[in-house]
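This report refers to the structure that appears directly beneath it.
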């Protein structure tokens with residue numbers, strides 16, 4: 001383990017954008033689609049900031065993590081945990097399963113990987 005400042009800064013920047021989107025954007029694309037793309041990129045950057053792992057593996061783990069969250073939505077985990085009225089849990093875990101979200105997570109993980117590989121070239 002190590003802290004890679006570049007990835008940490010990227011993760012913090014994406015997180016800040018996600019917070020702004022969650023608080024202020026109410027539309028049919030940026031919040032539900034682009035927000036999910038950024039969520040997978042955030043997990044990718046967070047993993048790369050902390051762990052020494054191959055980039056492709058980090059992208060796959062980011063996508064798998066996002067799919068796990070989506071599966072928890074499908075299983076209505078918020079209700080099972082008694083958190084359906086908790087606004088923070090609703091934002092973090094989400095409330096509604098969607099195959100479109102899974103596609104957005106895949107796009108985000110691939111985009112993060114490709115951008116990272118592009119920026120890492122000497």
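Applying the selection to region 78-114, what residues are under 18 Å from residue 54 (Cβ atoms) and without any contact (Cβ under 8 Å) to a residue 40 or more places away in the chain? Passing the criteria: only 114.
A quick yes/no check of all residues on (1) surrounded by 20 or more Cβ atoms within 10 Å (Cβ to Cβ); (2) at pLDDT below 95; (3) within 19 Å of residue 116 (Cα to Cα); (4) in contact with a helix residue (DSSP H, G or I) (Cβ under 6 Å, 6 or more places away or on another chain):
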site: 26; (1), (2), (3), (4): no, yes, no, no
site: 46; (1), (2), (3), (4): yes, no, yes, yes
site: 60; (1), (2), (3), (4): no, no, yes, no
site: 68; (1), (2), (3), (4): no, no, no, no
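Going by what's in this entry, would residue 78 be described as loosely packed, with under 15 Cβ neighbours inside 10 Å, out of contact with any strand residue (DSSP E or B) (no Cβ under 6 Å at 6 or more places or on another chain) and part of a helix (DSSP H, G or I)? So residue 78 does not fit the description; no. Can you confirm whether region 91-99 contains a residue that is out of contact with any strand residue (DSSP E or B) (no Cβ under 8 Å at 6 or more places or on another chain), modelled with pLDDT of 95 or more and within 30 Å of residue 2 (Cα to Cα)? No: region 91-99 contains no residue that is out of contact with any strand residue (DSSP E or B) (no Cβ under 8 Å at 6 or more places or on another chain), modelled with pLDDT of 95 or more and within 30 Å of residue 2 (Cα to Cα).
Among the listed residues 2, 26, which satisfies the condition of being touching a residue at least 12 places away in the same chain (Cβ under 8 Å) and outside any helix (DSSP H, G or I)? Outline the logic, then answer.
Values: 26 fails: touching a residue at least 12 places away in the same chain (Cβ under 8 Å).
Criteria check complete, one pass: 2.
Residues in region 29-46 that are more than 17 Å from residue 66 (Cα to Cα) and either assigned to a helix (DSSP H, G or I) or touching a residue at least 12 places away in the same chain (Cβ under 8 Å) (or both): 30 alone.
Within region 28-35, not a single residue is farther than 14 Å from residue 105 by Cα, surrounded by fewer than 12 Cβ atoms within 10 Å (Cβ to Cβ) and modelled with pLDDT of 95 or more.
Among the residues here, residue 117 does not qualify as in contact (Cβ under 8 Å) with a residue 60 or more places away in the chain, buried (at least 16 other Cβ atoms within 10 Å of the Cβ) and more than 15 Å from the chain's Cα centre (by Cα).
Looking only at region 48-58, which residues are surrounded by fewer than 18 Cβ atoms within 10 Å (Cβ to Cβ) and under 14 Å from residue 110 (Cβ atoms)? So that I can check it myself, show each step before the final result.
At the first step, the residues of region 48-58 found to be surrounded by fewer than 18 Cβ atoms within 10 Å (Cβ to Cβ) are 50-57.
Listed by number, the residues that qualify are 55, 56, 57.
For region 1-19, taking the residues that are at pLDDT below 95 and out of contact with any helix residue (DSSP H, G or I) (no Cβ under 7 Å at 6 or more places or on another chain), the one that is farthest from residue 38 (Cα to Cα) is identified as 2. Scoring residue 53 on the criteria (1) over 14 Å from the mean Cα position of the chain (by Cα); (2) not in a loop (DSSP other than H, G, I, E, B) leaves a single failure, condition (2).
The values are calculated or read from the model by the stated rules, or taken from the named source; none is laboratory data. Bear in mind the structure is a predicted one, so any value in this text is a computation, not a measurement. We place every Cβ from the backbone using ideal geometry, glycine too, and count neighbours over all the protein chains shown.
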